[in-house]
1. Can you tell me which residue within the stretch 39-81, out of those that are at pLDDT below 90 and of a type in the set (Lys, Arg), is farthest from ARG135 (Cα to Cα)?
2. Which of the following residues is exposed (fewer than 13 other Cβ atoms within 10 Å of the Cβ), modelled with pLDDT of 90 or more and out of contact with any Leu (no Cβ under 8 Å at 6 or more places or on another chain): ASP141, ASP84?
3. When you go through VAL124, VAL93 one by one, which is the residue that is farther than 30 Å from ALA72 by Cα, touching a residue at least 12 places away in the same chain (Cβ under 8 Å), among the β-branched types (Val, Ile, Thr) and in a helix (DSSP H, G or I)?
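The values are calculated or read from the model by the stated rules, or taken from the named source; none is laboratory data. Because the structure is a prediction, the values reported are computed rather than measured. So basically every Cβ, Gly included, is an ideal-geometry build from the backbone, and we count neighbours across all protein chains shown.
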Amino acid sequence: MDEPDERQATPTRGGDGKFTRSPETAERDAEAARLRGRGLSYRKIAAELEMDVSSAHAAVQRALRAIVEEPAEDARALELERLDTALAAVMRVLEADHVVIQHGKVVELNGQPVPDDAPVLQAVDRIVKISESRRKLLGLDAAQKLDVGGGITYEVVGVPQDDL
């Protein structure tokens, strides 16, 4: 059996079973993208980096995806931080005591302030919205299956059914 080529990165799998990129693979991908950016064909990139043409193409594509994914991850992290801040503010409202105010005065019943549930219910609604935003951002919602099946009935007008 042939010895593995030291220049070829050995793919490793992460805990999820997917291949993970090593720093060496990431650097080779970046070099392939730089060469492609200078106008080299995939055939020339393959020759330069001592790999086959399909590997050169795959390396360039991985590098391009990484260029897009890194800013997307930063944006995602920023949005998650904003959602966390909003959730903390909503939790303060949820946990506070609220009383009914009418005409600028606290409404009392038997000498006790009447609790106002409206801010609590509004806070709960807001928590649901924040949760929905977080799930969408993280891609946690399962795709919904739509049933679009159904029958079609054709009616031929002016022709007796026996003639069909």
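1. Checked the stretch 39-81; the qualifying residue farthest from ARG135 (Cα to Cα) is ARG62.
2. Working: ASP141 fails: modelled with pLDDT of 90 or more.
Of ASP141, ASP84, the one residue that is exposed (fewer than 13 other Cβ atoms within 10 Å of the Cβ), modelled with pLDDT of 90 or more and out of contact with any Leu (no Cβ under 8 Å at 6 or more places or on another chain) is ASP84.
3. Working: VAL124 fails: farther than 30 Å from ALA72 by Cα.
Of VAL124, VAL93, the one residue that is farther than 30 Å from ALA72 by Cα, touching a residue at least 12 places away in the same chain (Cβ under 8 Å), among the β-branched types (Val, Ile, Thr) and in a helix (DSSP H, G or I) is VAL93.
Here's the yes/no breakdown for (1) over 15 Å from the mean Cα position of the chain (by Cα); (2) in a helix (DSSP H, G or I); (3) more than 20 Å from LEU140 (Cα to Cα):
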residue	(1), (2), (3)
ALA47	yes, yes, yes
VAL60	yes, yes, yes
ARG65	no, yes, yes
ALA75	no, yes, no
